[in-house]
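Structure record follows, encoded as structure tokens.
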Amino acid sequence: MDTVELLLERDLEHRVLDVWEQLAARGEPSRRNHGHPTNRPHLTLAAVDSLTAAAKDELRGRLGGPDCPAVLDGLVRFSGRTHVLAWRVRRVPELLAVHAAVHDVLLATGCEPDHPLLRPETWQPHITLGRSRRPAWNVPDDQLLPPGLRDGPVHGRFTGARTYDSRTRTVTSLSPG
């Protein structure tokens with residue numbers, strides 16, 4: 001499977017990394033404990049079986065230098081086969097436009113998006129903080145974020161884009177340089 005992802009500006013990425021560190025220090029599941037070199041905070045826009053070269057080229061043209069608001073606002077928890085703690089990303093118009101453009105490119109290049117929760121009508125944008133096979137984070141949300149990040153939205157920008165290939169566990173930058 002290939003995913004299309006947005007990356008955070010350096011300052012906002014460091015804030016997310018600080019939360020990863022705090023969760024790990026408390027013994028909670030944290031993305032910090034996922035040691036693969038490609039692991040970094042990101043926002044997944046789409047997932048497909050395989051990205052074609054044409055799709056990557058078109059995405060590079062559309063996402064090469066994204067400059068889109070990133071507003072992290074509260075925690076969200078997902079459960080099922082895996083339990084996930086994440087920072088909710090507000091669905092601001094600029095982000096929704098980027099998301100829709102990615103899906104348009106994928107459909108136009110024959111890469112059918114195959115994850116139902118990533119479709120424009122059902123997408124819940126978030127930055128994953130931790131994952132667990134068992135229920136976790138048995139404290140109130142306001143205790144999971146450090147002081148200074150609890151009291152309202154955290155503003156920043158998405159400034160990079162990449163693809164991730166789960167078969168080879170490699171990333172390809174869609175950003176210039």
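The values are calculated or read from the model by the stated rules, or taken from the named source; none is laboratory data. Values in this document were obtained by computation on a predicted structure and should not be read as measured data. In this analysis, Cβ positions are derived from the backbone assuming ideal geometry, glycine residues included, and neighbour counts consider all displayed protein chains.
Exactly one residue out of Leu117, Leu145 is part of a loop (DSSP other than H, G, I, E, B), in contact with a Phe, Trp or Tyr (Cβ under 9 Å, 6 or more places away or on another chain) and aliphatic (A, V, I, L, M): that is Leu145.
Among residues of the stretch 130-158 that are closer than 26 Å to Gly80 by Cα, those with a Cβ under 9 angstrom from a residue that is among the hydroxyl-bearing types (Ser, Thr, Tyr), sequence gap 6+ or separate chain, pair up as Gly130/Ser30; Arg131/Ser30; Arg131/Thr82; Ser132/Thr82; Arg133/Thr82; Pro135/Ser79. If you go through the stretch 66-94 and keep only what is touching a strand residue (DSSP E or B) at 6+ places or on another chain (Cβ under 8 Å) and farther than 12 Å from His126 by Cα, you end up with Pro66, Asp67, Cys68, Pro69, Thr82, His83, Val92, Glu94.
Restricting to the stretch 69-101, name every residue that is outside any strand (DSSP E or B), of a type in the set (Val, Ile, Thr) and without any contact (Cβ under 8 Å) to a residue 60 or more places away in the chain. Don't jump to the end; show me each part of the working.
As a first pass, look at the stretch 69-101 and keep what is outside any strand (DSSP E or B): 79-82, 90-101.
Next cut, of a type in the set (Val, Ile, Thr) only: 82, 92, 98.
The answer is Thr82, Val92.
Annotation: of all residues in the stretch 32-63 being modelled with pLDDT under 90 and touching a strand residue (DSSP E or B) at 6+ places or on another chain (Cβ under 7 Å), the one that is nearest to Leu149 (Cα to Cα) is Thr38.
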